[in-house]
Amino acid sequence: MSPNRLAMLAAILGAAAGGGFPQWNSNAPGCRRARAFDAFAPARTQASVAVSGDGGESWVLLNASPDLRQQIEASDFLHPRTGLRSTPIAAVVLTGGDVDAIAGLLVMRERQPFTVYAAPRVLDVLDANPIFEVLNRDIVARQAVELGVPVALHRPDGAACGLTVELFAVPGKVPLYLERAGEAPAIAEDGNTVGACVRDGRKRMFFIPGCAAMTPRLAERLRGADLVFFDGTLWQDDEMIRAGLGPKTGLRMGHMSLAGPHGTLAAFAGLGVQTKVLIHINNSNPVLLDDSPESAEVRSQGWTVGYDGMRIEL
């Protein structure tokens, strides 16, 4: 890297799936261990990543978790720095309209300028729900990002953040609260679920917290990437059913499983990704337990199980 070139920085604010770890109403063994401060079962908040392309002067959030206030307080690089009110958060990029991706926007309602970047379908979700009007549109801009078109990210004052983002469709489904009663939603690449590729002109970082399948097109997009944060929701497709936690498979919820011939571990074999990190990990997934065989298995295949506070410099 050129001595005058600033590294792209990425920080995991939260690594867990919806509900966090421990989940507030879960009495499952893993959640009990996390609640007891077991060193091998560290707690995690709901999934979000912060990225900077200007040495940490400004930061872009990838999704706004319901735990965002807690995450900001735990991350001193996101604290106010000047005046009575300020923030180094320049923008929020959304990869879906699920509650665990957008609810944190309501935490940011104190008339603080920043920009929300999202695919048109995701912005439609915000537009359809008047509660998000607490983010005054004269102060918080909403910018549609067409799929497949790289967009430069900016601070509210117009200065460049040093990053571009490209959103692209991945297999997924509509948010749970938009499903029709009695109907299983279709898994489709229609813009309801997207991945984000963040570039600084030198490195490529991907953020894909939800993905129902690895397609040939997605595999080629990820090949040789410098860093990928990828959907780690479940270890096996029927995990929730086996544990007695619910009737849905991972695919029905719009998520790949890690294990198996069509799982994430197999799908990434041979793609040459430099750094692979699991994110959006459900509280039922044994990889959250550092002393589990499943955790050892993902580490042996070159993956890191994401954790709150993890920092990566590219």
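The values are calculated or read from the model by the stated rules, or taken from the named source; none is laboratory data. Here the structure is a predicted model, which means the values were calculated and not measured. Positions of Cβ are backbone-derived with ideal geometry, glycine not excepted, and every protein chain shown enters the neighbour counts.
Condition test on Arg121, is it buried (at least 16 other Cβ atoms within 10 Å of the Cβ), at pLDDT below 95 and either touching a Cys at 6+ places or on another chain (Cβ under 9 Å) or not small (Gly, Ala, Ser) (or both)?
yes
Cβ-Cβ distance below 6 Å, separation of 6 or more or different chains: which pairs start in the range 299-314 with a residue that is in a strand (DSSP E or B) and end on one that is surrounded by fewer than 17 Cβ atoms within 10 Å (Cβ to Cβ) and not acidic (Asp, Glu)?
Going by the 6 Å Cβ cut-off, the qualifying pairs are Glu313/Ala7.
Can you pull out every residue in the range 203-231 that is part of a loop (DSSP other than H, G, I, E, B), touching a strand residue (DSSP E or B) at 6+ places or on another chain (Cβ under 6 Å) and closer than 14 Å to Thr275 by Cβ?
Within the range 203-231, Ala225, Asp226 qualify.
Residues are listed down the side, and each one gets a yes or a no for (1) assigned to a helix (DSSP H, G or I); (2) of a type in the set (Gly, Ala, Ser):
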| site | (1), (2) |
| --- | --- |
| Cys31 | yes, no |
| Ala34 | yes, yes |
| Phe37 | no, no |
| Ala41 | no, yes |
| Leu61 | no, no |
| Ala64 | no, yes |
| Gln70 | yes, no |
| Ser86 | no, yes |
| Ala90 | no, yes |
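Could you please give the count of residues in the range 223-250 that are at pLDDT below 75 and within 18 Å of the chain's Cα centre (by Cα)?
1
Residues of the range 20-60 being surrounded by fewer than 18 Cβ atoms within 10 Å (Cβ to Cβ), on the phi > 0 side of the Ramachandran plot and not hydrophobic (A, V, I, L, M, F, W, C), which ones?
Gly55, Gly56
Exactly one of (1) modelled with pLDDT of 95 or more; (2) of a type in the set (Ser, Thr, Tyr); (3) over 30 Å from Val125 (Cα atoms) is unmet by Ser52. Its number?
Against the list (1) modelled with pLDDT of 95 or more; (2) of a type in the set (Ser, Thr, Tyr); (3) over 30 Å from Val125 (Cα atoms), Ser52 comes up short only on (3).
Filter the range 170-196 down to residues that are surrounded by 20 or more Cβ atoms within 10 Å (Cβ to Cβ) and not in a loop (DSSP other than H, G, I, E, B) and give me whichever is modelled with the lowest pLDDT.
Gly172
Give the residue that is nearest to Glu220 (Cα to Cα), with candidates limited to residues of the range 284-313 that are surrounded by fewer than 21 Cβ atoms within 10 Å (Cβ to Cβ) and under 18 Å from the mean Cα position of the chain (by Cα).
Thr304
I'm told Ala219 meets every condition in (1) more than 17 Å from the chain's Cα centre (by Cα); (2) modelled with pLDDT under 90 except one. Can you identify the failing condition by its number?
It is condition (2) that Ala219 fails.
Those residues that are closer than 30 Å to Val92 by Cβ and without any contact (Cβ under 8 Å) to a residue 24 or more places away in the chain, I need them from the range 15-33; list them, please.
Trp24, Asn25
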